[in-house]
Structures are given as structure tokens and as C-alpha cells.
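Some notes on the structure that comes next.
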Amino acid sequence: MHDPHTDTGYLGSFATILAGELPGTWTSEYHPDRGGNTDHDDLTVDVWDMNEVADAMADYIVDHCAVLTRSDGTRLFVMDRKGHDEGFLIAAMAPQDFALEAFRGVREPDGIAVADDPFTAAEDITYDLLPRYDKALVQVRHNAERLTAPAAEPERVVMTWSGDDLVVEAPERPDIAQTLTGHGFTFDTNRNVFVLSGDDSARQGACVRAAGARLSEMGVGVVLRNPPARPALGTSASAPPAPATTPAAPQSTPTARRR
């Protein structure tokens, strides 16, 4: 087998052939050794690996490498398998259009070591590396959508005073309804509301505190509210004052006709 460490151009040729064997449309770009202390930091920083490829980059300078790019933007990093006579290391590269926070909690699709045969390497990438990359990418996209989504209005339960009782409109969530009934509320089928009797104010207060604590654990807020004010019975809104008019000239009152 050809020793890639005696001919840096071999890695570029390998990557070019590999690009043509992978499913989809791929291009290959070879990044040669530019001499000096180059380690291709601009590329290695995006390598999405915390295993064998990351260890190799920590132990050896990456003096040359190749990047394969699929038509949808997916990138693969190819480097010599340092410390071995044959083969290469290939890792996925993290997409650049997501905030770093979107990668939190996502396992890296660690790279793989392949033989210096681009045909068998293409099979290993297709059935091993790329599926793990796709799975990780789905998680990153989900995190990114969650980070950019507007904050949802917090759910809450409104307890309204009705005399000495507390009344709650029947909630849509069964777990909230179960919490209410589990802490002293009874369901009034006629009004479609839950009622907490005020016959025993001490018990009522304890039930409200316990229900509120449980609802808070569920991410549901509790609001105590007085009923909306109503106008007093037998009253009506004041009529606006009549527009001012010019008094008419006085007229004589006709005298009643005598019989």
C-alpha cells in the first residue's frame, strides 16, 4: 500500500476519488502544507469530534488536509492517520450557521478511521459517519428553533371569589383538573366550574396553598381575582346634559273657556 506520509499529494487524490464515491454531489478541496507553523486552525476548529480525530489533532500538527463538501453544505474533514503507516481519519464538520448554544447537550458525531481505499472508505462514511451526523444535526436544529422561538405565554389558573367560595373555570388540561379535585375543589356540572367552598376558611386557605404549590411544580401559575365590578341594581348611566338653547319669548297663556 502507498504510504501517505511520504507523499502529501496522495491525500488530495484520495479525497477527490472519495468525493465521487459518496452518495449525492460532493466536491473536494485539498489544503496543502504551506510550510512554517501552519496547522489549518480555520478548518480544524469546525471538526465535530471529541474522540479519535480530536485526539490526533491534539497530538499532531495538521500540516495538510482536505475538505469534502456536499451540495447541501455538509462537510467532511480528511486528515492523515498520524502515527499509522496507512489510512486516514475522517470527521464531520459542524455547520456554521447555528449559535454555539444550539450545540449544547448534543453528542458529537465522532469521526472514523478508514483504510486508504476510497471505495471502502465511502461505504464506512455512508453507513456509519453520515447517519450519526444527520442525527446530531436534527438535534442542533431543534435546539436552534427553541432558542429563537418567542416565549410562550405562561399558563395560569384563575381563582375568582364568588361570595366566600373560590371558583375556577374548567381547564382544558386533565392534569390541572385532577390537581384541583385532589386539593378540595369540587366540579359543578351545571356551571362547568370547579368550586372550593368557603365554609371553613382555614381549610380553604390550606387547599389553595397546596394546590398552588402543585400547580407551580407543573409550570402553571395561580391568580386570585375578585369578581368584576357590576353597576348597582336600579341605576343607569347618567345621561349627558342637554345642549344649551336660547329661551323662547314669553307667550300669554290662553284662558280657559267658561262654560
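Rule-based calculations on the coordinates, nothing more; no lab input. Nothing here was measured: the structure is a model prediction, and the numbers come from that model. Positions of Cβ are backbone-derived with ideal geometry, glycine not excepted, and every protein chain shown enters the neighbour counts.
Assorted remarks:
- R0 of 25 Å, Cβ-Cβ distance R141-M50: FRET efficiency to nearest 0.05: 0.80
- Cα→Cβ-extended label distance, 7 Å offset, between L100 and F187, nm: 5.1 nm
- Förster radius 41 Å - calculated FRET efficiency between D128 and E169 (Cβ-Cβ, nearest 0.05): 0.15
- Gain on full stretching of the segment that runs from S162 to I17 - 0.36 nm per residue minus C-alpha separation: 44.3 nm
- Radius of gyration (Cα atoms) of the range 4-123, expressed as a multiple of 2.2 N^0.38 Å: 1.02.
- If you plug the beta carbon distance of A115 and I61 into 1/(1 + (r/R0)^6) with R0 = 30 Å, you get a FRET efficiency near 0.80.
- When the P(r) of the range 156-225 is calculated, the portion above 15 Å amounts to 46% of the C-alpha pairs.
- The ranking of E172, E108 from fewest to most other beta carbons within 10 Å of each one's beta carbon is E172, E108.
- Net lengthening on full extension, D33/E155 (0.36 nm per residue, minus Cα-Cα): 38.0 nm
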